[in-house]
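Remarks on the structure that follows.
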Amino acid sequence: MTSPTAERYLRFAEVEARGLSPRYEEWARGVAADPEVVALIDRVPDAKRQVNLVFGAARFHGAPDARWPAARDWIVAHWGLLEPTILERATQTNEAARCATLLPALDRVEGPVALLEVGASAGLCLFPDRYSYEYRDADGVHSRHPSDGPSTVVLPCDLDGVAVPRAVPEVVWRAGIDLNPLDVSSADDRAWLHALIWPEHDDRRARLHAAAEIARRDPPLLVRGDALVDLPAVAAAAPAEATLVVFHSAVLMYLSADGRARFADTVRAIAAGRPTVWISNESPSLLPGTAASLPPRPDQQAVFALAVDGEAVALTHPHGRWVRGFGTSSSR
């Protein structure tokens, strides 16, 4: 097991899927130990060998939710169907629950706000003001609702060492930019979003359906474009009387180190011209300034760092299940 692909899948099993998806943990371990399947995956470009993309494509086309030997045989037999989808599609997990981990950072921003999401997918994280929240901490459960009452989307989230947000934000404009925006009114795009949700996560599938209905009724502005090129033009369309919030979750991993530096420079250039807050929710090591502001972590758990204007303020669960202040323990 010396190939980079095998190592990637084994790391996914041990760090990302462990304790969260027994099925994907087993599948990823199976791939890592199977030279024939690794050779199939290695036929696509390196950027397309992501575990979530390959497994998502398999489930999109009907792979059985079965133990690895049966799933392995299905994947090998249907690789000719999977490979074009892997090449055409991208990992665009649009987890609305990430709004629960973004809200503590949004709570710092003076409203009204204009939201601009980079890597918006179908735009489901552009509606933090339309969702209800149930924050749990040592003092109990704290509910936060939209101004017009409880939402059909309720986001539970554990807080540890982080203040409960005062209220949902006042959003007066919302837009997203993505290389390939998804349309929640498209059955094919909705099927792809469902396929990207891990097998055991029925709560996330139900939430996706409810959040997609909110987006369908009031579609946000979704711009097909490259953030490194098109972000300033989209930002310029935001109303001048609002504080612009540029935010993103699980996006920077798809950029090179140079691309990440250019992106940071682009956001700072926008902020130089108008009131702007930059909120990132990413793997801790991807932005050097953010990584430097983090305390040491003894564990290898997959977490994101929530940062405001480049300074880390908390750790978050990748699917929005908890937010941990520094000096507190994190759990799944």
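No lab work stands behind these numbers, since they all come straight from the coordinates. Predicted model only: the values in this text are computed from it and were never measured. Using ideal geometry, Cβ is built from the backbone for each residue, glycine included, and neighbour counts are taken over all protein chains shown.
For this structure, a couple of remarks:
- Taken over region 4-88, the alpha-carbon convex hull comes to 82 cubic angstrom per residue.
- Lys, Arg +1 and Asp, Glu -1 on Cβ, resulting dipole of the chain about Cα centre, debye, nearest 20: 160
- Using alpha-carbon coordinates, inclination of helix 257-273 to the longest axis of the chain, degrees: 20
- Each other residue within a Cβ distance under 14 Å of Asp42 adds +1 if Lys or Arg and -1 if Asp or Glu, for a net charge of -1.
- In this structure, the amide hydrogen of Gly176, modeled 1.01 Å from its nitrogen in the peptide plane, lies closer than 5 angstrom to those of Glu117, Leu221, Leu222, Val223, counting only residues at least 5 positions away or on a different chain.
- The translational diffusion coefficient of region 249-299, from Stokes-Einstein at 20 °C and 1.002 mPa s with a Kirkwood hydrodynamic radius over alpha carbon pairs, comes to 177 µm²/s.
- Grouping the Cα pair distances of the chain into 20 Å bins from zero gives a pair-distance distribution of 31, 60, 9 percent in increasing distance order.
- DSSP-defined beta bridges in the chain - what % are antiparallel, rounded to 5: 35
- Relative contact order (percent, whole number), region 175-332, Cα cutoff 8 Å, 6+ residue spacing: 16
- Degrees separating the helix 68-77 axis from the principal Cα axis of the chain, which is the longest one: 80
- Length gained when the stretch His145-His194 is fully extended (0.36 nm per residue, less Cα-Cα span): 15.1 nm
- Taking the three principal axes of the alpha carbon atoms in region 178-332, the coordinate ranges are 43, 41, 30 Å, sorted in descending order.
- Pairwise FRET efficiency - Leu228 versus Ser186, Cβ, R0 = 30 Å, nearest 0.05: 0.70
- In terms of Cα atoms, the Rg and Dmax of region 213-255 work out to 12.6, 33 Å.
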